[in-house]
Amino acid sequence: LAVRLAEACMREDGVHPDVALNYVKARSVAWDSLSQRPVTRTERVPSDIRRWLEPFLADAYAGGRNEAFIFGPSEVRPWRDSDLSGAYLTGLAVFMALDYERVLWTKDLQAFIGPVAGFAQVRFTFPAGTEYPCLPVPLDTGLCFTLSGVSLCTAPEIELALAMGAQLEVIIGLVIPFKPRAQVFAESEPLLKRWRDKREKSGTKGRAEIPTLQASPDSREVLVPSEGMTFPPPALGDEGYRPMESFAIYVRKMRLKFKRKTLPFEFCKLVGNGLYGKTGQGYKGKRAFGPKELRGVPIGLSRVSEAAVAALVCGFVRATLGEILWKLPPGAKALSVTTDGALMSVPTDQLDLTGTICRRYQALVDRVAPGTSMVEAKHQVLQVFIPRTRGCFTIERDGEHPAICAKAGHQVTIPENASEEERNHLYSAEGASDWMIRLALERQPGQRLPQDSFDSLRDQLVKGWDLQKRPREVAVALEYDFKRRPVNARMVLLAPYDAKHLAFDTVPWETVEDAVMVREVFRRWKKDKCLKTLEDWNQWQAAMVTHLGNRRRRLWQSSGAEAGAGPTEPATKRLRGGTGQKHLRGGEDGLLRLVVRTFLAAFTQEVWGLAGEKETWSYKQLAAWLTEQGYPVTESDIKNAKRTRLDEGVAADTPEVRKFLEAMKARFAGLELERFFANG
């Protein structure tokens, strides 16, 4: 419906959709076995140059920005949920018809400044201390925003990154100029005439009209959003033609006629957002069940698919949200961002929207829905629980403001014997938040929840089933997703529940490789543990810091760095193995054995403040003393440690490690304890 409506709006403008979106008619000849003769078929396909470029442009189509900036319960203060007004509907008006025949390949950063359709792979580094970097790097799921790396991004994001002080180098980039407005209309005229002639010849009466919508079943009023509209909208200084602008204006006029959360409003919103989804259809290799084939088939292009458009729209929305985060005042804090909205401590009417990208977004809002603001306030609460991306549960409401409840893919389990009042409460945002918070406080490793889901279309057709729900179990997923690096771990009180839960802030990862490493380590660690207390945090830190330390040491080894540039290594010997990497397989006990082995290496090599101790202790005496202290060691272990390379920063500062090292310090006063601990 959205596609047909968009095409009708273009035709009302006097523009043919094929011209606006760079499609052409291709003819092919095939043998028809029924008529036993060759037949000519005509197919609508992307233009040649567009088709050649689309693999690159499709990779630049990366989706929205979704991040959790904290984990656990927030502090108690007013938090405001602010959304970009009609983000993707407004974003559809950002581009003008593209002229692929004049595409410019360039590495000049200045070519990506301004309202241009630019796409580039860039190598970037943000200044140290940047809290919200804006260049996306793909993860296994979603996007990560790191301080350095390589990003395939759009012109608005490059422009914002430069404004934020980032150092950028274009690896490969292109800018697609906009097709002159007069040319768009001139090329459309013969195609539209042919389209109208074909409709008349086939008996179709009249032209494709913009549809009307009944306001309500009991009302005689008919909503005609096209009344008062100008087709095409005024150029307002544009060099080209905006194919989706009339559609965006039309849908916004429909939406503004209805009250929020009503069925007509949600229907209009769905139609508007549906068109953005259709622009990116067919580029990610997704498959769907084909009723005709009775098997999974690739999802092809829609009639409005254009990779450059999908990439530019989502990049523009990401950049707008990124600029708002960048311009938060000192002391302000953001808890999370989800596609087109953010939960922040700053009131919506006090946000700094004076940046270049925000002003560009507001200019589009002025075209599509004059008189409205680019940001609208949605919710206001005092305390929330943030478990991960797309998760937010209200702990404490702020007066009469409604609660926030984003369940992060979970479904509230309603008891079969629940009363109607109890069911209504659990269906509400406040009741669902309460249920989710209790689940988070009481969750256990590997816990699963019963959840009803509809039978798939495949089962309905192949097995002849009716549409019904069936029970199944799904895993509880309320641990942090580590898209950012945790810092400042603490226990925070949830006053209404008389309970405390672990919380931490986050900062950007230096590189995406760090994020990938930590996410993989945590994926295994959480199989039998949860992050709920500071003790859990200490255990996780021990595993994470040690693994990251070993990774850094392996990279140092492979780089061929000279002695003194990295971990300690005597220059007179080539020693075996990295210190204790194999012990990581031993869980918490393995981490302690790693530190014990590192101590033995320092003792036998007489470094880290242990010079001369070998004259006082024999290997046999040291082994017996350590075993007596509760750390079983053999004489062979000490002999082998002499041939082991000694690495610094092998473990986190956990209670078990601290206990062992303090015992060693009490006996060996010169021992340099800081050598053992990793930073961060």
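With each label modelled as a point 7 angstrom along the Cα→C-beta vector, the Lys642-Ala418 pair spans 7.0 nm.
With a cut-off of 8 Å between alpha carbons and a minimum separation of six or more residues, what is the relative contact order of region 350-408 in percent?
Details: 66 pairs, mean separation 14.0, N = 59.
Reported relative contact order: 24 percent.
Which FRET efficiency value, to the nearest 0.05, do you get for Leu104 and Val29 by plugging their Cβ-Cβ distance into 1/(1 + (r/R0)^6) with R0 = 51 Å?
Values: r = 37 Å, r/R0 = 0.72.
For R0 = 51 Å, the calculated efficiency reads 0.90.
Taking 0.36 nm per residue of separation and subtracting the current Cα-Cα distance, fully stretching the chain between Lys527 and Lys659 would add 44.8 nm. Accessible surface for Leu263 stands near 140 Å², nearest 10, in the context of the full protein assembly shown (1.4 Å probe). Angle of helix 655-667 to the longest C-alpha principal axis of the chain, folded into 0 to 90 degrees and rounded to 10: 30°. Taking GluC sites (Glu not before Pro) across region 244-334, the ones in a DSSP loop with at most 15 further Cβ atoms lying within 10 angstrom of their Cβ are Glu293. Only helices enter this figure: runs of n ≥ 4 DSSP H residues, each worth -39500 (n - 2.57), summed and divided by the residues of the chain, yield -11500 deg cm²/dmol at 222 nm to the nearest 500. Helix 619-628 and the longest principal axis of the Cα set of the chain meet at an angle near 70°. Here the relative contact order of region 377-451, from alpha carbon pairs under 8 Å that lie six or more residues apart, stands at 27 percent.
Largest accessible area first, the listed residues Trp465, Trp540 line up as Trp465, Trp540 when surface is computed with a 1.4 Å probe on the assembled protein chains. Heavy-atom accessible surface of Leu353, to the nearest 10 Å², is about 50 Å², with a 1.4 Å probe and all protein chains retained.
Taking 8 Å as the Cα distance limit and 6 or more residues as the minimum spacing, I'd like the relative contact order of the chain as a percentage.
Values: 1185 pairs, mean separation 102.4, N = 680.
Result for the chain is 15 percent.
At a Förster radius of 35 Å, what calculated FRET efficiency corresponds to the Cβ-Cβ distance of Lys284 and Glu400, to the nearest 0.05? So, using R0 = 35 Å, E works out to roughly 0.25. Annotation: Val309 carries an accessible surface of approximately 0 Å², with a 1.4 Å probe and no ligand, DNA or RNA atoms counted.
Given the Cα-Cα distance of Val607 and Phe267 and 0.36 nm per residue of separation, how much length would full extension add, in nm? List each step's numbers first, then the result.
On the way: separation 340, 0.36 × 340 = 122.40 nm, distance 7.19 nm.
Gain in length upon complete extension: 115.2 nm.
Students sometimes get this wrong: rank Trp617, Trp435 by accessible area, probe 1.4 Å, all chains present, largest first. Display every interim value, and only then the final one.
Values: Trp617 30, Trp435 55 Å².
Listed by decreasing accessible area, they come as Trp435, Trp617.
Say a paramagnetic label sat at a point 7 Å from the Cα of Asp349, along Cα to Cβ; which residues of region 394-416 have their backbone N under 20 Å from it? From region 394-416, the list is 398-402.
Could you tally the net charge around Ser148, taking each other residue with its Cβ under 14 Å from the Cβ of Ser148, Lys/Arg +1 and Asp/Glu -1?
Details: positive: Arg123, Arg485; negative: Glu169, Glu510, Glu513, Asp514.
Local net charge: -2.
Of the GluC sites (Glu not before Pro) found in region 367-466, the ones in coil according to DSSP and having at most 14 other Cβ atoms within 10 Å of their Cβ are Glu400, Glu416.
How much net charge surrounds Gly409 when only the other residues with a Cβ under 10 Å from the Cβ of Gly409 are counted, with Lys and Arg +1 and Asp and Glu -1? Surrounding charge for Gly409 is +3.
Could you give the length gained by full extension between Glu43 and Lys198, i.e. 0.36 nm per residue of separation minus their alpha carbon distance, to one decimal place? Don't skip to the answer; put the middle values down first.
Details: separation 155, 0.36 × 155 = 55.80 nm, distance 1.63 nm.
Length difference between fully extended and current span is 54.2 nm.
Between (i) 1.05; (ii) 1.01; (iii) 0.95, which matches Rg/Rh (Cα atoms, Kirkwood Rh) calculated for the structure shown? Label (i) holds the value from this structure.
The accessible-area ordering, largest first, of the residues Phe668, Phe231 stands as Phe231, Phe668, per a 1.4 angstrom probe. Residues in region 141-158 near a label at Ile171, defined as backbone nitrogen under 12 Å from the 7 Å Cα→Cβ point? Once the point is set 7 Å along Cα→Cβ of Ile171, 149-153 turn out to lie under 12 Å by backbone N, inside region 141-158. Of the trypsin sites (Lys or Arg not before Pro) in region 81-149, the ones in a loop by DSSP (not H, G, I, E or B) with at most 15 other beta carbons within 10 Å are Lys107.
The values are calculated or read from the model by the stated rules, or taken from the named source; none is laboratory data. Remember, it's a predicted structure, so these values are computed and weren't measured experimentally. As a convention, Cβ positions derive from the backbone with ideal geometry for all residues, glycine included, and neighbour counts pool all protein chains shown. The protein model used for the area step is the full one, side chains on, heavy atoms only, and it has no ligands, DNA or RNA in it. Shrake-Rupley method; radii C 1.70, N 1.55, O 1.52, S 1.80 Å.
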